[in-house]
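Note sheet for the following structure.
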Amino acid sequence: MHHAKTKAKSKEEKDQFSTQGTANLLWALAKLGEAIELNLVKSTFDPFVDRISENPQFSQPDILMSLWGIMVLCARFYLDSGSNDKHSLEKHMGELFSRLENTSPGNIEDQCIMAMAAIWLGRACPVIPYYTTIISQYQSTLRDQLQSSLPSLKIEEEKSLNSLPPVDLLLPEYNMVIDIQGPSHYVGGDFKTRNGPTLLKIALLKKSGFEVIEIPVNKLGNQDSIKIVIEQIKTKLAVLPKVYGSLLYNSGEGAVDEAYVTADEGGEFSDDCYFTAEEYVEEPIKKTKKRNRRRKKSVKTAD
């Protein structure tokens, strides 16, 4: 009898370890973003995702971690293909989200995961996260010089679009987002290999119909490089039609153009990448807090 109880307890502990281990592994693989080749990630993910679907005993933290990991993988496939066709993993995403719909996550990270899942799946968002906004000196400089170069251009800052973390700059007349990416957006801070959170945010913005320009902060290190970036933005704006109406609160899948642009030293655009960056910026990014009395602040977003 004692042996049977010990065996049963051992199996329960093993199952618990398996669920926690699965969620941790999905989260860790997703966090690495582009550091792991996409096909390798898929072959690694598949058996663990199946295990999640077959196990109804996942705790809420494990479900949230797994949901986030699956979303990042879906984001990678979406960005790689440029297609709005649903990926098979979205079925698992929907199942996990359904387990959370009647819950009330208490921290901003969990709220953000639920909001992003709702956007991706086209469902009603059960929570509305509140974000603290912070404006970097690089962001202020780019905004001021872009505004000086195009005085009539409407520029908004730190807008939370579709309950996503705020974007640095929004050009609403063109549904264009400009995000200045610090080292925390890249694996190891290399300014080349985007991590999971960055890929997921970019994919969700694109799915919502926004044109997205990512600028590594080491492209803004001096006045000459800033001028090059501004000229490239102006070139991009010249070929984009102005929009009438807004996509800011549209949670469905909007029309998606190629949303990344490569900025080379000649000022030309390529439609298959984001602004490239070769050098690592050693100095810390200086921040200045932005006052905004119209929005509640509770959590800082990281550059």
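The values are calculated or read from the model by the stated rules, or taken from the named source; none is laboratory data. What you see is a predicted model; the values in this text were computed from it and never measured. When we count neighbours, we look across all protein chains shown, and the Cβ atoms used for this are built from the backbone with ideal geometry, even at glycine. To get the accessible areas, we keep the full protein, side chains included, count just its heavy atoms, and leave off ligands, DNA and RNA. Shrake-Rupley method; radii C 1.70, N 1.55, O 1.52, S 1.80 Å.
The residues Asp110, Asp50, Asp85, sorted by heavy-atom accessible surface at 1.4 Å with ligands and nucleic acids left out, run Asp85, Asp50, Asp110 from largest to smallest. Under the simplified labelling scheme, the Lys91-Ala238 pair shows an inter-label distance of 4.9 nm, with each label point 7 Å from Cα along Cα→Cβ. Pairs spanning more than 30 Å between alpha-carbon atoms, out of Lys42/Lys159; Lys31/Lys242; Lys31/Lys227; Lys159/Lys234: Lys42/Lys159; Lys31/Lys242; Lys31/Lys227.
Express in Å², to the nearest 10, the accessible area of Asp46 obtained by rolling a 1.4 Å probe over the protein heavy atoms while all chains stay in place. The value for Asp46 is about 50 Å². Placing Arg194, Arg51 in order of accessible area, with the largest value first and a 1.4 Å probe, yields Arg51, Arg194. The heavy atoms of Val239 offer some 110 square angstrom of accessible surface to a 1.4 angstrom probe. Which shape class, rounded, prolate or oblate, goes with the range 66-124 when its Cα gyration tensor gives a ≥ b ≥ c as root eigenvalues, a/c under 1.5 marks rounded, and past that a/b bigger than b/c marks prolate? Because a/c hits 1.5 or more and a/b exceeds b/c, the range 66-124 counts as prolate. The accessible-area ordering, largest first, of the residues Ser160, Ser88 stands as Ser88, Ser160, per a 1.4 angstrom probe. For Asp190 and Ser18, a Förster radius of 30 Å and the Cβ-Cβ distance give a FRET efficiency of 0.35, rounded to the nearest 0.05.
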